[in-house]
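Okay, structure first, notes after.
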Amino acid sequence: MPHHTPLIGTIVAGLVVAFILGAAAHRLKLSPLVGYLLAGIVVGPFTPGFVADASLANELAEIGVILLMFGVGLHFSLRDLLEVRTIAVPGAIGQIAVATLMGMGLAHVMGWPFMGGLVFGLALSVASTVVLLRALQGADLVETRRGRIAVGWLIVEDLVMVLALVLLPALAGVLNGANASAGASDLIAPLLGTLLKVAGFVALMLVVGRRVIPRALHWVVHSGSRELFRLAVLAIALGVAFGAAVAFDVSFALGAFFAGMILGETPLSRRATEETLPLRDAFAVLFFVSVGMLFNPAVVVEQPLPLLATVLIIVLGKSIAAFAIVRAFGHPTDTALTISGSLAQIGEFSFILATLGTGLGVLPADARDLILAGAIVSIFLNPLLFSLIVRDQKAGEAEAAPEKAPEKPPIGHVIQVGYGRVGKLIAARLAEKKVHFVVIEGDPDRAAEAEEAGLTVVRGNALEDRHLLAAGICEARHLLIAVPEGFEGGAIHEHARHLNPDLIVIARAHSDAEVAHLEGLGVPHVVMGERELAGRMLTLCGVGQSELARA
């Protein structure tokens, strides 16, 4: 049996090179997406050396698209969208229209057909979900009003692109097959047919899926099998996407999006996200690698002016449009700058549109290369531009502040990292004993839950010194690390002890390896859940510590 096959070679080469270049990009404080795209270029047909199988990469990328869209659906919140609907809906639609027209104008100058210009313009109009959310999280703006506007704006863009993915194949088929004598009915009928199919699928999901999917997952949860739950979530994502394509002739993307959206309305959404995240991330990486394989670096030399025009549309054109729209709706300048800066890039949907347009035969290869090159350049530039925009804005302003600054804690207080299942029990006991403590929590839902319980909360990652300082790390006596990952707890311990060498740290571990790691870092107290459970159970059955030691 041969040890090398095209499938294994493509997966291994894609993941290994993506890891190396993604880590390098992260080291340079760039989005890892840049590294993944460059990895695709390295293993692609336009550069020397190993060449991955492009057809297999595209099929793997299709799974990545399904899981990406499933993730978008899981995080879709109708409540958050309605809260900022008066600016997010008209703003996103207006900005998409302006950017699309600018892209179509460049396409007209390049001599491309109408459909090619439409796909090109749409691809330049939509921002990357991953890049935008990471920019907002890095600046602690997700929970501010301007952050919610940006996220709502992004949701509207995603919905418009989902609709575009559904309608473009039908529109391309009609236009490619239409002759000069074709009437309006010849163009409208197929589009209406597609819309009816989509409406039927949406109705089925809302009426049947909303009942069947949650019940099925609840049954799996009660079975007690974590493996079966993980498999059920993946089966729902992939099965609904495939069924939507076969039965209703709609895209994988739309089916996966609605499966995620319905699952996102259930209490199990967070667990579903956690269980599928590793696989989703792995296939998402392969998706970006496959997109990079399509890029021909020669476009930088052969079409420098069109590439410059593409980057200017992405970074300046649509950002200026977004800024003008936000200001026209009466929002302050810093809000307009934040939103326009966060949108100054393109990403996942742009790649999906480029791949779809090329597959339909309506988007020229030159246009696809410009989209990919524009994405890489804009993702490079966006973190720098966004940091320049938010750097000079005051953190204490009501609009900018992600949270209320906690009151200065007394000397000798307790800092608790994490407000999950274990963290909630610890916090309840500390509050019962009237111990003064501060909770550091990065998850917005858990942080909000802790605030609703009347606790003092610092929203953010405990690996960042600014959040530890905000919690009063220099004055604290004890640090309770309640996050479930022991290796992450070790990194938090190192940061905290650097700021306060006299701090007494108590950390949580799940395995002997984590215990050894934490003890090797000098954590004085490590609690391993399994050991504590075993000790408690033995105590209850009359076997004390001495008997246990003799055994």
message: Considering all alpha-carbon pairs of region 438-522, what whole percent are spaced by more than 16 angstrom?
response: 52
statement: One quarter of the C-alpha convex hull surface, i.e. the mean projected area of region 190-335 in nm², amounts to 14.0
statement: Fraction of alpha-carbon pairs in the chain farther than 41 Å apart, rounded to whole percent, equals 29
statement: One can check that the equivalent ellipsoid of region 1-63, built from the alpha-carbon gyration tensor with semi-axes equal to the square roots of five times its eigenvalues, has lengths in Å, largest first, of 22, 12, 11
statement: Here region 6-161 gives, from Cα atoms, an Rg and Dmax in Å of 18.4, 52
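Within 10 Å, count the other beta carbons around each residue, average over each peptide in 32-41, 333-342, and list them highest first. Don't jump to the answer; show the numbers that get you there.
Values: 32-41: 25.3, 333-342: 23.4.
Those peptides, ordered most packed to least, come out 32-41, 333-342.
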message: Could you tell me the extents of region 265-389's C-alpha atoms along the three principal axes, largest first, rounded to whole Å?
response: 46, 41, 27
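By per-residue mean of other Cβ atoms within 10 Å, what is the highest-first order of 8-18, 517-527? Let's see the in-between values first.
Working: 8-18: 19.2, 517-527: 16.6.
Highest mean packing first, the order is 8-18, 517-527.
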- request: Let me know the number of lysine pairs in the chain closer than 27 Å at the Cα, not counting same-chain pairs under 8 apart.
  value: 13
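Rank these by accessible area, largest first, 1.4 Å probe: ILE352, ILE492. Write out the running numbers ahead of the final one.
Values: ILE352 25, ILE492 0 Å².
Output order, biggest surface exposure first: ILE352, ILE492.
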task: Report, in whole Å, the centroid distance computed from the Cα atoms of region 504-538 and region 200-248.
output: 38
message: If I require 24 Å or longer along the helix axis, counting alpha carbons, and a Kyte-Doolittle average no lower than 1.0, what helices from the chain are left? Use full DSSP H segments.
response: 6-27, 54-74, 85-110, 145-177, 184-204, 226-248, 365-391
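The values are calculated or read from the model by the stated rules, or taken from the named source; none is laboratory data. Here the structure is a predicted model, which means the values were calculated and not measured. Every residue, glycine among them, receives a Cβ derived from its backbone with ideal geometry; neighbour counts consider all protein chains shown. When the accessible area is computed, the model is the full protein with side chains, heavy atoms only, and any ligands, DNA or RNA have been set aside. Shrake-Rupley method; radii C 1.70, N 1.55, O 1.52, S 1.80 Å.
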